[in-house]
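K.L.:
What follows is a structure written as structure tokens; I'll ask about it next.
The values are calculated or read from the model by the stated rules, or taken from the named source; none is laboratory data. Fair warning: this is a prediction, and the values are worked out from it, not measured in the lab. Note that each Cβ is placed from the backbone with ideal geometry, even for glycine, and that neighbours are counted across all protein chains shown. Ligands, DNA and RNA are excluded from the accessible area calculation, which covers all protein heavy atoms including side chains. Shrake-Rupley method; radii C 1.70, N 1.55, O 1.52, S 1.80 Å.
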Amino acid sequence: MTFGVEGGSQSVEVVRLRLFEERTPDEIARELSISRAAVKHRLRQGSALYRERLAKSLALRASSFPAKE
């Protein structure tokens with residue numbers, strides 16, 4: 001999964017490790033050889049990208065249904 005933005009794949013990896021593998025920020029930092037601050041930044045960045053894509057996806061789905069009267 002990529003978001004088509006610079007650094008997106010790094011953020012996706014950090015989010016994946018945090019949410020799906022339930023790693024702590026310190027564990028992620030050690031595994032990826034980055035600072036804890038970088039992990040936190042990438043989590044925020046990745047979460048924002050995920051929210052944006054989810055909102056677009058939900059908007060597309062909502063627009064495919066007729067409006068309720």
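K.L.:
Under 12 Å from the Cβ of residue 26, count the other residues' Cβ atoms, weight Lys and Arg +1, Asp and Glu -1, and hand me the total.
P.N.:
Net charge around residue 26: +3.
K.L.:
Compare 35, 11 by solvent-accessible area with a 1.4 Å probe and give them largest first, with all protein chains kept in place.
P.N.:
So the residues, ranked largest to smallest area, are 35, 11.
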